[in-house]
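The values are calculated or read from the model by the stated rules, or taken from the named source; none is laboratory data. Just so it is clear, the model here is predicted, and its values are computed rather than measured. When we count neighbours, we look across all protein chains shown, and the Cβ atoms used for this are built from the backbone with ideal geometry, even at glycine. Heads up: the accessible areas ignore ligands, DNA and RNA and are worked out on the full protein's heavy atoms, side chains in. Shrake-Rupley method; radii C 1.70, N 1.55, O 1.52, S 1.80 Å.
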Amino acid sequence: MGLLRLLVLAVLVSEPSVAGGAETVGNFSEGLLEFSIGKFRYFKLKRPSPEDAILRHISSNASFLIFQIHSQYQNTTISFSKTPLRNTSGTGTDKGLVFILRPEQSMCTWHLETLDAEPVQNMAIPLSYSERDPVPGGCNLEFDLDIDPNIYLEYNFFETTIKFAPANLGYARGTNPLPCDTGTGRDSRWRLLYDVYQYFLPENDLTQEGLLKHLQRMAEVPQVKANAIKVVTLTANDKTSVSFSSLRGQGVIYNVIVRDPLLNTSAAYVPAHTYACSFEAKEDNCSSLGRISTKVFFTLFALLGLFICFFGHRFWKTELFFIGFIFMGFFFYIPITRLTLITYDVRLILTAVAGSVGGVLLVAAWWRFGILLFCMLCVGSVLGFLISSVMFFTLLGNLKIFQDDGVFWVTFSCIAVIIPVVFMGCLRILNILTCGFIGSYSVVLAFDSYSYTSLSHITLNVLKRALNVNFHRAFTNVPFQTNDFIILAVWGMLAVSGITLQIRRERGRPFFPPHPYKLWKRERERRVTNVLDPSYHIPPLRERLYGRLTQIKELFRKEQTAGERTPLLL
């Protein structure tokens with residue numbers, strides 16, 4: 001069988017070249033896949049049927065090749081031989097190998113296989129580079145491959161980290177590569193620069209076809225520069241590792257372009273993708289990210305928020321409960337998450353209980369002491385928190401100076417506190433603005449529990465930074481697509497409507513209700529001294545409760561038999 005395979009390869013080499021399109025589908029012959037430089041090809045791999053990939057008629061100007069293969073979540077193995085070795089093969093969803101060409105070589109082959117029980121839909125492409133182009137992963141000292149052009153991706157709930165091996169300068173066929181660690185001058189690899197790019201898939205698109213289609217835009221240097229967002233440029237002295245905020249359920253593709261500024265040449269690594277979730281998990285997988293507890297919590301929170309958005313200033317105590325709930329819930333969730341290992345559902349229940357206690361305490365503080373400035377400081381701080389979060393949600397949050405936790409939290413706190421200070425002269429306006437913006441934003445959070453929206457990361461990024469000590473190094477870029485524009489319009493519409501309605505309705509009314517405790521005390525004294533007041537004759541609370549209890553008992557008492565019902569004859 002091996003001899004037959006070699007004979008088939010020899011026949012293929014001797015045949016004239018066939019021009020390929022941008023994409024081809026299917027097998028050229030059984031067990032053999034023929035590729036063309038720069039042409040994507042779709043095919044399926046099965047566990048009992050490995051394939052051999054062949055590339056013919058390689059240009060003499062090419063110095064090395066990068067063959068890369070992609071799938072959505074099932075692993076594929078690519079190797080130089082049928083017996084995969086650690087330093088000559090790679091396994092994963094986005095893998096590639098560098099093939100250093102020998103003089104006069106015009107053909108090369110790769111071995112492709114999968115150990116997955118189900119057929120794997122793959123897409124692959126070979127790319128060629130000249131001797132002037134840098135070699136991605138040419139100075140690898142960390143990973144298994146001798147020359148490793150792959151991007152290694154790790155993620156958790158908080159951050160997604162990509163790592164890659166340093167590149168080396170290009171070299172001609174038949175010559176030795178330049179040493180990696182001798183000298184740091186302009187004639188060594190230390191002059192190379194690394195541009196890290198990020199590309200977002202359409203929101204809520206988890207399809208395999210969509211992913212493979214968009215991966216085609218991230219494989220070659222011109223397409224990457226035209227379609228992706230450049231996040232950061234690293235020098236050879238920087239650590240070849242970059243962190244990003246994890247976006248669960250949102251497809252993201254990463255790639256790195258290594259540039260030689262002296263020769264003005266560049267080469268692309270093998271792109272890697274992630275959804276920050278698992279397709280194969282039985283619970284909480286990519287297709288069902290929203291937990292029932294999360295949906296219930298934020299739906300109830302949004303209903304209360306909608307009420308506050310339109311009627312918060314009129315129902316002052318209800319608004320205070322809402323603000324106290326946010327305050328206590330936020331500051332309770334942080335330590336219970338960092339210091340304990342209890343499950344998410346239990347944490348959410350405890351947070352709801354703690355938030356309710358905080359709301360009741362704030363209402364009780366207003367009822368007993370009636371300190372308006374203290375209550376408005378709490379109200380204004382919540383609005384300031386949202387405004388500060390919005391500011392750091394923009395490109396401002398990715399500035400290098402704010403990677404220092406001290407600088408970030410001091411700046412964030414100053415912005416949050418300055419809002420109530422600025423509005424101290426017009427407390428009613430501050431209160432109505434808080435009702436409108438905070439109440440309507442609760443609807444955004446509720447929507448995110450059902451379907452992804454980037455606007456939820458306005459506050460989620462701040463919570464992540466408070467929970468995770470390493471989140472300060474993460475870039476917090478998010479996609480802003482059609483879905484987000486719609487949610488933003490709904491948020492703005494609700495906020496403007498709620499603010500306008502409350503300002504018009506409260507015109508000519510007292511700014512805030514009077515002190516409840518003083519009113520209650522004055523009313524009690526009036527009842528004691530005014531005998532003609534009907535409320536003076538109301539029985540004490542203990543007697544009223546006992547009477548109510550007696551009435552309830554009567555409802556459950558069995559009816560007594562009446563005996564003989566015939567009237568007596570006189």
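Descriptive notes on the structure:
- In the range 441-460, the residues that are free of Cβ contacts under 8 Å to residues at least 24 places away in the same chain reach residues that are open to solvent by 10 Å² or more (accessible area, probe 1.4 Å) with C-beta atoms within less than 6 angstrom, at least six apart or across chains, in these pairs: S456/L445; S456/D448.
- Residues of the range 48-80 that are touching a helix residue (DSSP H, G or I) at 6+ places or on another chain (Cβ under 8 Å), of a type outside the set (S, T, N, Q) and part of a loop (DSSP other than H, G, I, E, B): R56 alone.
- Per-region count, the range 486-510, residues over 31 Å from the mean Cα position of the chain (by Cα), modelled with pLDDT of 85 or more and open to solvent by 60 Å² or more (accessible area, probe 1.4 Å): 5
- Failed item in (1) more than 29 Å from R259 (Cβ to Cβ); (2) under 30 Å from the mean Cα position of the chain (by Cα); (3) modelled with pLDDT of 90 or more, with H111 passing the rest: (2)
- Hits in the range 354-373 - residues which are under 12 Å from G324 (Cβ atoms) and either out of contact with any Leu (no Cβ under 6 Å at 6 or more places or on another chain) or open to solvent by 20 Å² or more (accessible area, probe 1.4 Å) (or both): A354, G355, S356, V357, G358, G359, V360, L361, V363, A364, A365
- Residue match in the range 511-525 (condition: at pLDDT 85 or above and among the charged types (D, E, K, R)): no
- Some residue of the range 314-333 being in contact (Cβ under 8 Å) with a residue 24 or more places away in the chain, under 21 Å from L373 (Cα atoms) and acidic (D, E): yes
- Which listed residue, of Q121, Q198, is open to solvent by less than 30 Å² (accessible area, probe 1.4 Å) and under 30 Å from the mean Cα position of the chain (by Cα): Q198
- Scan of the range 247-299 for residues that are crowded, with 22+ Cβ neighbours inside 10 Å, of a type in the set (G, A, S) and within 20 Å of the chain's Cα centre (by Cα), ordered by number: G251, A272, A276
- Test: residue in the range 396-408 that is outside any loop (DSSP other than H, G, I, E, B), more than 30 Å from R473 (Cβ to Cβ) and either open to solvent by 30 Å² or more (accessible area, probe 1.4 Å) or out of contact with any Leu (no Cβ under 9 Å at 6 or more places or on another chain) (or both): no
- Among the candidates N156, N176, N150, residue that is closer than 30 Å to L463 by Cα and among the polar types (S, T, N, Q): N156
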